[in-house]
Structures are given as structure tokens and as C-alpha cells.
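The values are calculated or read from the model by the stated rules, or taken from the named source; none is laboratory data. All values reported here derive from a predicted model rather than from experimental measurement. For neighbour counting, all protein chains shown are included, and Cβ atoms are generated from backbone atoms with ideal geometry for every residue, glycine included.
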Amino acid sequence: MSRKTLIPIGPYHPLQEEPELFKLFCDGEIVRDIKWETGYNHRSIEKLSESKTYDQVFFLVERICGICSTSHPFAFANAVEEIAGIEITDRAKYIRSIIGELERLHSHLLWVGLAGHFLGYNTVFMWAWKYREPVLDLFEMITGNRNSYAMFKVGGVRRDIENSKIPVIRKVLSDARKKIDLLAGAVMDDPVIHARTKGVGVLTRQDIIDYAAVGPTARASGVPIDIRKDDPYAAYPLVNWKVITAEGGDVFAKAEVRLLEMYESVSIIEQCLDGLEKVREGDITVKVNEIPEGIGAGRAEAPRGEVFHFVVSDGSNSPARHKIRAPSYVNIATFKKSCIGQTIADATISLAAVDPCYCCTERMAAAYDVSSGKRLLNANDLIALSLKRTEEIRKSGAGHE
Amino acid sequence: MAVNLFYFFIFPGLIFAAVTGALLSWFDRKISARVQFRKGPPLLQPFYDFFKLLLVKETILPRYGSTFIFILAPLLAVFGAAMAGVFILLPLFNINTGFRGDMLVIFYLLTLPSFSYIIGSLASGNPLAAVGGSREMKLIISYELTFILFIAAIIMKSGQHFDLRTVIETQQAGTPFIGSISGVLLFVVGVFCAQAKLAMVPFDMPEAEAELSEGIFIEYSGPPYAMIKLAKYIMLFILPAFIVALLMNGMRPGIGILWFVLKILGVVLLLVLIKNTNPRLKIKQASGFFFIWMNLLVVIAVVLTAFGL
């Protein structure tokens, strides 16, 4: 085997806004193998969740991810409502969908900007983020926060969207549509962007099925997987919309899917606003007395794909077990297919194209001895291991591989 | 001797070219900011950047590199850029007529900064810098042929004169070279070569912030990085000045100085707009762009020149 150069992307690197480490094993500029290490961001969310009441867990899961901060409460609400068998009011459904779709809008705009930045196209970066700003202002008007909206609770939502605010929201949406037109034109018609993104980081239909990828990553390869259609929740069955797919499977197709999804989001929000006008104002919660014993699975389509929350309730006021799976967890694995054989320049944009979110993804597994039931490797063991490793690295003279 | 040192260090060499280049760098950043709906930095920001690096920031040397070459490279870059500045600006300002064949000397000196970035990056022992260095090498191989053909075409247009002053005087006596079809083609080629020499988007793959996190310059800090900034400021002034001298009849005294400034600003504006309306190319695409399209353009320009167009 020939000697390969290790090109590190991370732990701190301008390509990704979060700490993670991609090791690209390169032969010249060609990536021959890729390995990644996460775990820089582990916050033990699942364990924390077991010590919080159901109402508090919403605030906790909202902080799993800053960008898709509504998708986690969304999935958690779906899970808990499945346990308790709660059917929320129509108004709450519409409001939940509006928040979810506004979030998709701002998240996709954010991605388009970042993708532009990764390609060295800083003008697109700044323009996309400027256009994202009115969406965040809209969030502030509706929920009081530009991020982490604190809108969800078991049995409904915390705040109503008053009918008097609907015209303002419509105005922002029609402006946003014009701006998406502009941005889509700038991205889809630029020959140099075509040259940089077409045929780059291709994931075939079979790759998507093999790696169980979700969200825009899967839809860009022609797999029409979307939880909003496949397992309808909130107001999505009540409005008329379609799942966007593209055929290429490359970075360009992923951009195309996201840009077109923004139009769908705007259309869904507008229909939800129509729905809001028809139902009685203020009717946003149903009373929930207790969460009975049982298990519930909740799914929601985050901007990056399916978010899955699994909750076990023992009848107390906090979850007995709470399992979270974020979309990046499966999407990151596709890098094995999309990056190997590409040049470094292509591999980096392929890494960014699935819009990975590492802090959503980071989970820890604990090992137990089967015969004795004793936990292997507790916290003290791990600290001792880490100290030992640090000492080894120090002796061998820095961490050069 | 003293006057030569004055030429090199003060005017029109190091200090004058660097100050003008820093102001042009402010212009670049301000225009980029306005294109991107930002406010942009204050006028003296490039000077703040430079003096902060030079006086405040510490120098961190790579443990696994060759320290001597690592430190030498930025100085070599500044020397090359300032020297090229002297040879371009003296005939341009009509202070000194230069000598026969100075165009070729300028061609070599303009390569020196890129060359020293390569040896500096390879001496730093960083894998990202090594990739950046190899990309810079490929980029130089791509555009240097086009650039020498560009200079050759100018020499042909001026009637086989190898010195810059005569080229400028030929234009001032007749029409500027850009006033012909071949001149327009040469201007396009010259602007793209300058873009690549300045490592601006779409040809910034040696630095490629999002891929290699500044690539060739990743290990530089403090005063050595200040020297690289200085070389970049000088290049940002002398390359547009060189294009103006070769194609747009240089500078006349009096009110001509104002025209000269406007011409320089125009060329820099064009470079900045290209930078802000394109994503970065891959190194292979950049090579193809220069080897096929730019060489084709420059050969057409040479043929047209032969027919007097």
C-alpha cells in the first residue's frame, strides 16, 4: 500500500461550523479513504432528559440544534402525544406546521449561503443570509425569539398567532418568494457553479437505500422519502403540497431540491394561514392531566431529514427513557460513497452538501457486562484512559500520524 | 547608488507601491462589501491589519518545518514584488527610461512572489500548506505560458520593442493598444492572468479558505505574515499598473495623472467584480481555462496583430 497524506478537516476548520474531524487520506489531491471522529460536542441530552419533566424536556431538546430547533420538540411532542393518545386542535396543528416550515425556509437559506461560501462565492453567502434575516424577524414577531422558539408543549402550542398578524406574515412571505427567485436564478443559471457542482459527490438511488439516508440528501437522488407525507403529522395532511425530488444525486441536485423546497414551504405556510383564519382564535391547547405508562415514537421532517424521538413513560412526570436520532446520524455515513475518489476540492463541498449537524448527532453508548450486569468503563475509567493516551501522545512528540 | 536605493525603498518601490496597494486593497474590500450588502472597512483598515501583524502579533514557527526557508520566503516575496514595482513604475512615471529587455525582467520578477509562497508553504511542514503549494505550482504552470504570450503579443504590437518605456511611448504617439480588436482580446487575457497572479476568486485555490483554511499561508503568523500582506498589497498595485502601461498608454503628466488613477481603479474594479461574481474553480478547470481558452485568445490576438488589426 502506498503512503497516503492525511488531510485533516477539523477539529476546527472553516468548512464546518462545529467541531468534528474528518481525516481525508489523500494520494496527491485524490481522496482515497475517509474516516471521521465526532464526540467533541457530546452533552448527554438523553440522560438529562430523564431528569426533566415533560414540559421541561421541550426546552432541552430545542437546544440540541440551533438551526433546526423546532424539529426536535416537534418529534418529541408527536411521541408524547402518541403515548397519551392526545389529538391537538386544528389551530395548534396549523401553528406547529407554520413554525416548522418557517424553520425549513431559514435553514435552507442558511445552507445555500454556506454552500456558496464553501465554493468561494461569498456574494451568494451574504445575499442568502441577508434574505434569511426577514424570516428570523418574523420568528421574533410570532414567537418572541429569533431562534429556539419555545412554542411547543404537550397538547398544543404555547402562543397563538393572532389573526391580526397574518397580513404581516403574508407580506414577508411574498417578499421572500421574490428573493428566492433571485437566489435560485443566481445559483441555477451560473455556468461556473454548474462546473463545480454537477457530477460531484454523486449518491445513486441504491447508495441512498444502502445507507438509509434521509431528507434532501435522499430526495436529491430520486428517493421521495419525506415524513410529512409518509407519516403525516400536524397540519401537513390538511394542506396541498408535493415532495420535491431531483435525479442527479450530486451536489447540484441537492441545492436544487433545497431551493425548490423553499417554494413549497412558502406555499404550505400560506395555506396554513388560510386555515388559521377559518378556526377560532385562541383555541391552541387541549388539557393534559397525565402521561400514562407506555411507549411512543415520534417523527418529524427536519430541514435535514427525519428526526426520530422514542419515549418510554413509566407514568411519572418525566420520561423513563428518551432516545433521539437526528438525520445527520445516517447522512454522515454517505460520505464513504460520495467523497472517495474525488479531489479535495470536490470532497469538501460533498461533505457540506448533506448539511451535516454534529451536535444533533452525538450520542454515547454504555457497555454492560452480560454475566454480572456491571457497567464496563465508567466515567473514572474513561478519564484514566484519556490521561494515559495524552501521555502517550506527549511522549511520541505531537499527534502526527 | 543612493538614488537606486531611494528608487527601491521609497519611490516608486517598496513604500510607495505598498501604500498605494494598501489603499487599493481597501478599495477592493469596500467594493466587495457593497456588492455583498455589507458596510465595509474604514480607509485605514489595511494599515491597521499590517501594523498589528508586524508589531503586536507573535511569530509562531512550525516545529516540523525548515525555519530558515520559512522566514526567508516572505522576504523574498516582498523583494520580488518591490523590485518588479521599480521596473514597472520607473518607465511608467517616465523617471528613468529603463533598459532594453526590461519586460522580460519584469516577467521573471512578477513570478517571484508566487514562487516564494510555494517554497514557504513547503517549508512549513503542514499537509494543508503542501496541498496549497502544489496547487499554486499547477496554477503557475497554467497561467505563465499565457502571460508570456501576452507580453510577446504586446512586443509585436509595439514593433518589436522590448522595453516598457518604448511600448508606452508608441501608444502615446499613436492610439492605445486597447483601441484595436487584438488589444481588447489581450486586455481580457491580461485581466485573467492578473486575477490568477493575485490569487483572487475564481483562482484562489492555493488559499481556498473553506477547503484548506488559507492553504499556503496557514502556518504564517506575525511579522512574516505581515510581509506576505505587504507583497500582496504591492502586487495589487503593480499588476493593474502593468496592464495600464501595456495596453492603455500608461501615464501622461498633468491631468494625465488623474486619468492614470482612474484607469488603475477601473482595472481593479473589474478584478474585484470578477472575484465577487464567481465561485472558486477547481485546479483542473483553471488549468483547462488557461491552457485552452486563454491561450486560444492570445494566439488569435497575435494573429490579428500580424494583420495589423
**Request:** Just name the residue that is surrounded by the fewest Cβ atoms within 10 Å (Cβ to Cβ) out of those in the stretch B:49-80 that are touching a helix residue (DSSP H, G or I) at 6+ places or on another chain (Cβ under 8 Å) and in a loop (DSSP other than H, G, I, E, B).
**Result:** B:Glu58
**Request:** Residues being in contact with a Phe, Trp or Tyr (Cβ under 6 Å, 6 or more places away or on another chain) and buried (at least 20 other Cβ atoms within 10 Å of the Cβ): count how many of those fall in the stretch A:186-216.
**Result:** 1
**Request:** Check the stretch A:288-301 and report whether any residue there is more than 30 Å from A:Ala220 (Cα to Cα), among the hydrophobic types (A, V, I, L, M, F, W, C) and in a strand (DSSP E or B).
**Result:** yes
**Asked** Got a sec? Which of A:Gly100, A:Gly116, A:Gly85 is within 14 Å of another protein chain (Cβ to nearest Cβ) and either over 21 Å from A:Asp160 (Cβ atoms) or in contact (Cβ under 8 Å) with a residue 12 or more places away in the chain (or both)?
**Response** A:Gly116
**Complete:** In the stretch B:40-67, anything within 14 Å of chain A (Cβ to nearest Cβ) and under 26 Å from the mean Cα position of the chain (by Cα) is listed as B:Gly40
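The rows are residues; the columns are (1) more than 14 Å from chain B (Cβ to nearest Cβ); (2) surrounded by fewer than 19 Cβ atoms within 10 Å (Cβ to Cβ); (3) acidic (Asp, Glu); (4) within 16 Å of A:Gly305 (Cβ to Cβ).
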residue	(1), (2), (3), (4)
A:Arg170	yes, yes, no, no
A:Ala184	yes, yes, no, no
A:Ala218	yes, no, no, yes
A:Asn240	yes, yes, no, no
A:Glu261	yes, no, yes, yes
**Listing of helices (runs of 4 or more DSSP H) fully contained in the stretch A:119-212 that carry 3 or more residues being at pLDDT 85 or above and hydroxyl-bearing (Ser, Thr, Tyr)** = A:122-143
**Request:** Name the single residue, out of those in the stretch A:125-138 being at the interface with another protein chain (Cβ under 8 Å from one of its Cβ atoms) and touching a residue at least 12 places away in the same chain (Cβ under 8 Å), that is nearest to the chain's Cα centre (by Cα).
**Result:** A:Phe125
**Prompt:** For the stretch A:143-167, how many residues are under 30 Å from A:Ala115 (Cα atoms) and in contact (Cβ under 8 Å) with a residue 24 or more places away in the chain?
**Reply:** 6
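Quick grid of which residues meet (1) touching a Lys or Arg at 6+ places or on another chain (Cβ under 7 Å); (2) among the aliphatic types (A, V, I, L, M); (3) farther than 30 Å from B:Phe50 by Cβ; (4) surrounded by fewer than 24 Cβ atoms within 10 Å (Cβ to Cβ):
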residue	(1), (2), (3), (4)
B:Ile151	no, yes, yes, yes
B:Lys157	no, no, yes, no
B:Gln171	no, no, yes, yes
B:Glu209	no, no, no, yes
B:Gly222	yes, no, no, yes
**Prompt:** Just checking, which of B:Ala245, B:Ala226 is assigned to a helix (DSSP H, G or I), at pLDDT below 90 and under 19 Å from B:Ala18 (Cα atoms)?
**Reply:** B:Ala245
**Request:** For residues that are buried (at least 22 other Cβ atoms within 10 Å of the Cβ) and either over 30 Å from B:Gly40 (Cβ atoms) or of a type in the set (Asp, Glu) (or both), tally how many sit in the stretch A:89-131.
**Result:** 14
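Here is a yes/no grid of residues against (1) within 17 Å of A:Ala302 (Cα to Cα); (2) touching a helix residue (DSSP H, G or I) at 6+ places or on another chain (Cβ under 8 Å); (3) not acidic (Asp, Glu):
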position: A:Val202; (1), (2), (3): no, yes, yes
position: A:Ile209; (1), (2), (3): no, no, yes
position: A:Val214; (1), (2), (3): yes, yes, yes
position: A:Ala234; (1), (2), (3): yes, yes, yes
position: A:Gly249; (1), (2), (3): no, yes, yes
**Item:** 1 or more residues exposed (fewer than 15 other Cβ atoms within 10 Å of the Cβ), at the interface with chain B (Cβ under 10 Å from one of its Cβ atoms) and in contact (Cβ under 8 Å) with a residue 24 or more places away in the chain: qualifying strands (runs of 3 or more DSSP E) within the stretch A:1-46
**Value:** A:5-9
